[in-house]
Amino acid sequence: FRWPRRSKMSSLRSRIGRSKEFIAFRSEVPKQRCNVQGKDWTYYQHGPRKATPLICLHGTSGTAETFFCQVMTLGSKGYHIIAAQFPDYWDHAKWVDGFYKFLATIDVHDCHLLGVSLGGFMALHFAGRYPERVKSLILCNSFVDTRPFHQPSSWTMMLGYMPDFYLKKYILDSFPKGKLPGPHADAVDFVVEQLETLSRRDLGARLTLNCLPSSVAKFLPMIRKKHPVTILDTVDEVVLPEIMRERLYKTFPNAKLAYIKQGGDFPFLSAHMEVSMHIQVHLRGVKVFPGGVDAKKYAEKTGIKITEMDETKKKPEKPEPKRELTKEEKEALERKRAEERRKAEELRKKQEEERKRKEAERLRIEAEKKKRRAAGNAILATLVDKDEDEGEEEEEATEKTAPAENPNGLFNDDEEPSGEADPFGD
């Protein structure tokens, strides 16, 4: 008799892994595999198949499951979204060729790419090699070269032979330490849980891609020219070195910036609603609408009035002549402005009063603290003086009650007679 083997779902222990949302995702969206030259690509696909997809590429420690929030949120709204997990490729060029063949296998001609960390770096490589296959880019905690991650070539060559526990420890050592806010801690726990599902070859290949000397500098002019870029970043501290974030900003000075106040290293999990909102803004900016319809059809469907015209064909519009306001209109406008000035002045006075009140409260609290501190110091000083006085009195009393010492012997021969018979006398 053999006990039934536990499924992957039953072995999840993190809060996100046990959440209703993740369970619904695993039950509604099937996990698919695609074999590309002997290597299995794993992916989740949701939304209308006729629309141009947004393909999400994970980082060094991620899996396709880490994008389940975006798959469920955007897919249910009518966007075509694919969360892909790439197999072990030990070279950047081979990864690009494998991704190209993966797209051909699942019948995707062009796409939008969302890349996180290493996934963003590989998305830039692919956009540089095959610019006609990429419509736009979203980069999250990503980089444009691997210079800060460089390791000796001998160490990089050994990654394929190192045990999985060492590779996992090497990756986990880069995770944030210390106490984290609740959503951040939940996201880290879930990613660590997903990291445990990766094989030794997957881990070694990802670290190799991270540490091999590589840059996308030669592709940058074409990427800037042909691909709209949105940089999705968090305001709080992340593991990615600050120099790499600054280099990404300098590389794409005209990119749209989407900031998240608190997202940590995995904002697509800890702040998934904000990330999904920024993704929708980016997609609408490149004229991608729910259901795969274009801007005109979407406007007709939703009742929005828009006009599209080529900028080069626009006719110069004649400025409309300014109409003189009547006396009543001028008086009404003046009254409106006066009312706005009055409200602004009232608001300014309230803000000033609130500021003064807070300042007075702060000074009062500081004064009370100083007063309590001074009273405490006075009590301590009194106790110290009292202890010193008691000590001096005890010393004086001891000196008075102590018998006088005889320098010539133990007993004093000059003692006064007590009137009692001397038992040692003759």
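The values are calculated or read from the model by the stated rules, or taken from the named source; none is laboratory data. Since we're looking at a predicted model, the values are computed, not measured. Using ideal geometry, Cβ is built from the backbone for each residue, glycine included, and neighbour counts are taken over all protein chains shown. Only protein heavy atoms, including side chains, enter the accessible area calculation; ligands, DNA and RNA are left aside. Shrake-Rupley method; radii C 1.70, N 1.55, O 1.52, S 1.80 Å.
State the number of residues belonging to the stretch 133-157 that are touching a residue at least 60 places away in the same chain (Cβ under 8 Å) and either over 17 Å from Leu207 (Cβ atoms) or not hydrophobic (A, V, I, L, M, F, W, C) (or both).
Initially, the stretch 133-157 is screened for residues touching a residue at least 60 places away in the same chain (Cβ under 8 Å), giving 134-151.
Of the ones still in play, those that are also either over 17 Å from Leu207 (Cβ atoms) or not hydrophobic (A, V, I, L, M, F, W, C) (or both) are 134-142, 144-148, 150-151.
Qualifying residue count for the region: 16.
Would you please name the residue that is most open to solvent (accessible area, probe 1.4 Å), looking only at residues in the stretch 219-236 that are free of Cβ contacts under 8 Å to residues at least 40 places away in the same chain and either touching a strand residue (DSSP E or B) at 6+ places or on another chain (Cβ under 9 Å) or closer than 25 Å to Pro176 by Cα (or both)? So that I can check it myself, show each step before the final result.
Taking the stretch 219-236 and keeping what is free of Cβ contacts under 8 Å to residues at least 40 places away in the same chain, we get 221, 224-225, 235-236.
Right, trim to either touching a strand residue (DSSP E or B) at 6+ places or on another chain (Cβ under 9 Å) or closer than 25 Å to Pro176 by Cα (or both) and you get 235-236.
On the way: Val235: 101, Asp236: 36 Å².
Looking at the filtered set, the residue picked out is Val235.
Limited to the stretch 23-41, what total is found for residues that are outside any helix (DSSP H, G or I) and among the aromatic types (Phe, Trp, Tyr)?
Filtering the stretch 23-41 for residues outside any helix (DSSP H, G or I) gives 29-41.
Narrowing the set further to residues that are among the aromatic types (Phe, Trp, Tyr) leaves 41.
Adding up the residues that qualify gives 1.
Tally the residues that are open to solvent by less than 30 Å² (accessible area, probe 1.4 Å) and touching a residue at least 60 places away in the same chain (Cβ under 8 Å), restricting the search to the stretch 158-185.
4
Can you tell me which residues in the stretch 52-75 are open to solvent by 10 Å² or more (accessible area, probe 1.4 Å) and closer than 14 Å to Ile106 by Cβ?
If the condition is that a residue be open to solvent by 10 Å² or more (accessible area, probe 1.4 Å) and closer than 14 Å to Ile106 by Cβ, then Thr52 is the only one that fits.
Got a number for residues in the stretch 189-209 being among the β-branched types (Val, Ile, Thr), within 24 Å of Asp236 (Cα to Cα) and open to solvent by 20 Å² or more (accessible area, probe 1.4 Å)? Give the steps one after another, and end with the answer.
Taking the stretch 189-209 first, the residues among the β-branched types (Val, Ile, Thr) are 191-192, 197, 208.
When the remaining residues are screened for being within 24 Å of Asp236 (Cα to Cα), the result is 191-192.
From what's left, open to solvent by 20 Å² or more (accessible area, probe 1.4 Å): 192.
So the answer is 1.
For the stretch 266-288, what are the residues that are surrounded by fewer than 20 Cβ atoms within 10 Å (Cβ to Cβ) and over 30 Å from Leu195 (Cβ atoms)?
Val281, Arg284, Gly285, Val286, Lys287
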